[in-house]
1. Which is modelled with pLDDT of 90 or more and either of a type in the set (S, T, N, Q) or away from the ligand (no atom under 16 Å from the Cβ) (or both), of Pro65, Pro26?
2. Quick one: is Lys40 among the basic types (Lys, Arg), at pLDDT 80 or above and surrounded by 17 or more Cβ atoms within 10 Å (Cβ to Cβ)?
3. List the residue pairs whose Cβ atoms are under 8 Å apart, where the first residue sits in segment 22-36 and is over 17 Å from Ile53 (Cβ atoms), the second is among the β-branched types (Val, Ile, Thr), and the two are 6 or more positions apart or on different chains.
Amino acid sequence: MNLSPKPKCNKVLSELSDYLDKGIDPALRAEIEQHLMKCKDCRVVVDTTKKTIDIFCNSEPAPIPEDARHRLYEALQRKIKNCQP
Ligand SMILES: [Zn+2]
């Protein structure tokens, strides 16, 4: 059965910042994690975003600089568009 191609990519990516901030509803978090197990595209985005955040967190105590945050957001927006059929 393949009636609804990638129904949740948009949702996963739109909840991504909350997901990474751990400020997310546990049920939604579980839903996202289930989706990530099945969807390689979203997994790549999440992994890349996590690594980017880790790099910033490890190299300096300051929060993510505004321009980096903005670039990340734009990359995500592009990804969301590509994710849609
Ligand atoms: Zn996906």
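1. Pro26
2. Details: among the basic types (Lys, Arg): yes; at pLDDT 80 or above: yes; surrounded by 17 or more Cβ atoms within 10 Å (Cβ to Cβ): no.
In short, no.
3. Close Cβ pairs satisfying both conditions: His35/Val12.
The values are calculated or read from the model by the stated rules, or taken from the named source; none is laboratory data. From a predicted model like this one, the values you see are computed outputs, not experimental measurements. Because the Cβ atoms are built from the backbone with ideal geometry, glycine has one as well, and the counts that use them run over all protein chains shown.
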